[in-house]
Amino acid sequence: MNVEPKSPAPDAPLMSERRTSIIGAMLVAIGPVSLASFTPAMPQIVDAFGTTEAAVKMTLSFYFAGFAFTQLVCGPLSDGLGRKPVTFVFMSIYVLASLIALLSPNIEILIFARFLQGVGAAVGVAVSRAIVRDLFTHERSARIMNLMGIILALGPAIAPTLGGLTMEVAGWHAIFMLMLIAGIAIIIVVHFCMRETVERDISRIKPAALIHSYVTLTRSAYFMLSSLVVAGSVGTLYTLATVLPFILMNRAGLTPSQFGLGMLAQSGMYFSGSVAARFLMQRFNAAALVPFGLVFIGIGSVAVAVSLHFVEPGFISVMGPVGLYAFGVAFVMPAMMTASLAPFPRMAGSASSMMGFLQMSAGMIGGALTAAIGDPVRGMTIVVPCFGLIAIVSWVIWHRLPEPDLATAMRPNPPGPL
């Protein structure tokens, strides 16, 4: 028996658009929020553990690694075992990791805890998008992705501010207490409010089925290019999370709380773009908004390279271009995420996982490149324009591809010998 999305009448889905959006936003937000709320504490942790900036940056690199590679596992697992039980298991890992981080006696334990947090939080991205694909398609899916984006924007916007203020009042350990509480809250919401959207089918997680799913996805130019548009767009935002604390606090002189408040410029522009895109989707389809968003991504990329090349880093010279870039990303995400998942209803978890893996890998590579360059300002002026170019070029090529054959995409996977 193959996994099939449960098939209620189109006008009576298992969960409403609003409930799906809110639960999905909570799940997808836990990863970026866990990343963003920690960043104000990074310079202080260098002193607290008597370590180096490079060692503290490893807490981000290992978080990215756990987050990126685990998505390749938890997505397919949710296809075969169900969305809810897999979410419970991985969120429990996240809660345990938050407790370990809270009690960390040294930087090595903290790095390990951050890796485990990434492993646990990975389920949010994979499952949230999969349940949207299980229940909705086309413009309804794009609306939900957009609303998830609006709610998601509030989390990273508030997280650095909350993290900075919490650290100044109660120390950096208290940031992990907040993560621990958030993880427990999500487990409770999933238990009481989330409905299972697929039927359990162990055959979907056999090695042959998993290999077939990922081979199918990687061979699909339609999927890979649309995912690269998303990865190029969002990869910049993840990369910025690793460099902005050191640029704005060490070079521009902001305090942790000022840094947290300053990050509202990025998330506020993303939020504004999401609201504007939601309004425009009442008159235009979501795909028509993508070129508009890419224009802002291009402008932001050029502005980053030019402003930081000629001007000493300051709040305006750094966050002005970043805000333009984030505004553009909000117009790109709904349509391109929907496009990536649309042809693969039978492997929504795997498709969501692969797309999330590409996003986080972009952030991990961007962070590694900026670290290798050494100077965070110079790294930002190189990596951000490169990612913007990847997003734009990928969309130009993708836009010329024919629509995928949905009838072929919906055929069952060959059972295979394993």
**Q.** Residues of segment 225-264 that turn out to be within 26 Å of VAL396 (Cβ to Cβ) and either within 17 Å of the chain's Cα centre (by Cα) or not in a helix (DSSP H, G or I) (or both), as a count
**A.** 15
Q | Residues that are modelled with pLDDT of 80 or more, more than 17 Å from PHE176 (Cα to Cα) and either outside any helix (DSSP H, G or I) or of a type in the set (Ser, Thr, Tyr) (or both), drawn from segment 56-77 | A | THR70
Q: Quickly run through segment 182-208 and pick out the residues that are at pLDDT 85 or above and among the small types (Gly, Ala, Ser).
A: ALA182, GLY183, ALA185
Q.
I need the full set of residues from segment 242-266 which are touching a Ser or Thr at 6+ places or on another chain (Cβ under 6 Å) and under 12 Å from THR39 (Cβ atoms), in order please.
A. VAL243, PRO245, GLY260
Q | Among the residues listed as ILE107, ILE30, the single one being touching a residue at least 12 places away in the same chain (Cβ under 8 Å), buried (at least 19 other Cβ atoms within 10 Å of the Cβ) and over 16 Å from the mean Cα position of the chain (by Cα) | A | ILE107
Q: Go through (1) at pLDDT 80 or above; (2) of a type in the set (A, V, I, L, M); (3) surrounded by fewer than 17 Cβ atoms within 10 Å (Cβ to Cβ) one by one and return the number of the condition LEU244 breaks.
A: (3)
(Q) Taking the criterion of being crowded, with 24+ Cβ neighbours inside 10 Å, farther than 24 Å from LEU280 by Cα, modelled with pLDDT of 80 or more and among the hydroxyl-bearing types (Ser, Thr, Tyr), would at least one residue in segment 365-384 satisfy it? (A) yes
Q: Any chance you could count how many residues in segment 385-418 are modelled with pLDDT under 85, of a type in the set (A, V, I, L, M) and surrounded by 13 or more Cβ atoms within 10 Å (Cβ to Cβ)?
A: 1
(Q) Just to be sure I understand the filter: pairs with C-beta atoms under 7 Å, separated by 6 or more residues or on different chains, first member in segment 166-195 and free of Cβ contacts under 8 Å to residues at least 60 places away in the same chain, second member surrounded by fewer than 20 Cβ atoms within 10 Å (Cβ to Cβ) and not hydrophobic (A, V, I, L, M, F, W, C). Which pairs pass? (A) none
Q: Could you tell me whether any residue of segment 294-301 is without any contact (Cβ under 8 Å) to a residue 40 or more places away in the chain, assigned to a helix (DSSP H, G or I) and in contact with a Gly (Cβ under 6 Å, 6 or more places away or on another chain)?
A: yes
(Q) With of a type outside the set (Asp, Glu), surrounded by fewer than 24 Cβ atoms within 10 Å (Cβ to Cβ) and without any contact (Cβ under 8 Å) to a residue 60 or more places away in the chain as the only criterion, which of PHE279, PHE315, PHE271 stands out? (A) PHE279
Q: Scan segment 60-98 residue by residue and report those that are more than 15 Å from TYR238 (Cβ to Cβ) and among the small types (Gly, Ala, Ser).
A: GLY75, SER78, GLY80, GLY82, SER92, ALA97, SER98
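Yes or no: ALA326 buried (at least 18 other Cβ atoms within 10 Å of the Cβ) and either touching a helix residue (DSSP H, G or I) at 6+ places or on another chain (Cβ under 9 Å) or not in a helix (DSSP H, G or I) (or both)?
The answer is yes for ALA326.
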Q: Considering every residue within segment 166-181, establish whether at least one is at pLDDT 75 or above, crowded, with 21+ Cβ neighbours inside 10 Å, more than 16 Å from LEU72 (Cβ to Cβ) and among the hydroxyl-bearing types (Ser, Thr, Tyr).
A: yes
Q.
On the basis of being surrounded by 21 or more Cβ atoms within 10 Å (Cβ to Cβ), of a type in the set (Ser, Thr, Tyr) and farther than 30 Å from VAL318 by Cα, does SER213 make the cut?
A. yes
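The values are calculated or read from the model by the stated rules, or taken from the named source; none is laboratory data. Worth saying up front: this structure is predicted, and the values here are computed from it rather than measured. Cβ coordinates were reconstructed from backbone atoms using ideal geometry, including for glycine residues, and neighbour counts include every protein chain displayed.
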